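Structure record follows, encoded as structure tokens.
The values are calculated or read from the model by the stated rules, or taken from the named source; none is laboratory data. What you see is a predicted model; the values in this text were computed from it and never measured. All Cβ positions, glycine included, derive from the backbone under ideal geometry; neighbour counts span all protein chains shown. Surface areas here come from the heavy atoms of the whole protein model, side chains and all, with no ligands, DNA or RNA. Shrake-Rupley method; radii C 1.70, N 1.55, O 1.52, S 1.80 Å.
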Amino acid sequence: MKLHTLKTYVRANALGVVVTVLAIILVPMLTGAYWTRVLTVCAIYAIAAAGVGVLYGRVGLVSIMQVGLVAIGGWITLRVWHATPLPFEVVMIIAAIATAVIGTLVSLPALRLSGLSLAIVTLMVAGAIEVLLMASGFPNGGGGFLGRVEGGTLPEAMPRPALAMDDASYFRYVVVVLLIVFLLLSWLLGSKPGRSWAAIRQGEAGAISVGIGVTRYRLLALAVVSALTGVAGALLAANAGLLDPVSFKAQQSILLF
């Protein structure tokens, strides 16, 4: 990154960093346990909302399946945590990568669509994810691929990361992850991918005429946003310990958009 670009990047994000630091320090001190938990969930879904904003605001893609991808990230997180001794941070990275792959693959058939057509297709995907989750449920410490307990065995809740066991420290943990996500997106939007996405939104014909690979950069946007949505799912799983398919209805993706 050139020095001038780096200075511009620092200036553009300085206020956000300051606000984040103040939130990390003051919010747990000024709010009770209930509002700390509420704001933690808000910060988690802000990650998914940021992805929606990038897809629509910069690339021009209307994706209404992001809550479904949050559920996928949470499912993978619970399954990997119950099956391995890996620390949460590694599990979160695995969930992000797996969600990026799944989100990109399910979007491939609709890659050349836009507007209402893309919205309908992605909403159908969200509906399909909802049906699958209602049938399979979320892993809760059992064996097999689905990881579900059977009979009278009590489900096992996933604990929070070792660095953030209580509500206040987990809020701070989530906000730090949120800041990292926002800084990453800010960097991407100011770099070549962001400029290419902006050109695609202005018009595909114009983007192609200047040598921009429309399909390649759309795939990149879908992969990045799906990965970040997987991070949100991992944080949500760690926050609750157990997840319920009822919380991931297809219409919630419309609300998020």
Exercise. Looking at (1) open to solvent by 20 Å² or more (accessible area, probe 1.4 Å); (2) more than 16 Å from Val225 (Cα to Cα); (3) at pLDDT 85 or above, which is the one condition that is false for Gly203?
Worked result: (3)
Exercise. What single numbered condition from (1) more than 22 Å from Gly127 (Cα to Cα); (2) open to solvent by 30 Å² or more (accessible area, probe 1.4 Å) fails to hold for Gln252?
Worked result: (1)
For this session: Could you list all residues from the stretch 133-178 that are in a loop (DSSP other than H, G, I, E, B), open to solvent by 20 Å² or more (accessible area, probe 1.4 Å) and among the hydrophobic types (A, V, I, L, M, F, W, C)?
Result: Phe145, Leu146, Val149, Leu154, Ala157, Ala162, Leu163, Met165
Exercise. Based on what the data block shows, is Ala221 crowded, with 17+ Cβ neighbours inside 10 Å and of a type in the set (A, V, I, L, M, F, W, C)?
Worked result: yes
For this session: Return yes or no: is Trp187 open to solvent by 50 Å² or more (accessible area, probe 1.4 Å), outside any loop (DSSP other than H, G, I, E, B) and in contact with a helix residue (DSSP H, G or I) (Cβ under 8 Å, 6 or more places away or on another chain)?
Result: yes
Exercise. Would you pick out the residues in the stretch 18-55 that are among the small types (Gly, Ala, Ser) and open to solvent by 50 Å² or more (accessible area, probe 1.4 Å)?
Worked result: Ala33
Exercise. What is the residue count in the stretch 228-248 for residues that are touching a helix residue (DSSP H, G or I) at 6+ places or on another chain (Cβ under 6 Å), open to solvent by 10 Å² or more (accessible area, probe 1.4 Å) and within 13 Å of Pro139 (Cβ to Cβ)?
Worked result: 2
For this session: Considering every residue within the stretch 79-98, establish whether at least one is among the basic types (Lys, Arg), within 28 Å of Cys42 (Cβ to Cβ) and open to solvent by 20 Å² or more (accessible area, probe 1.4 Å).
Result: yes
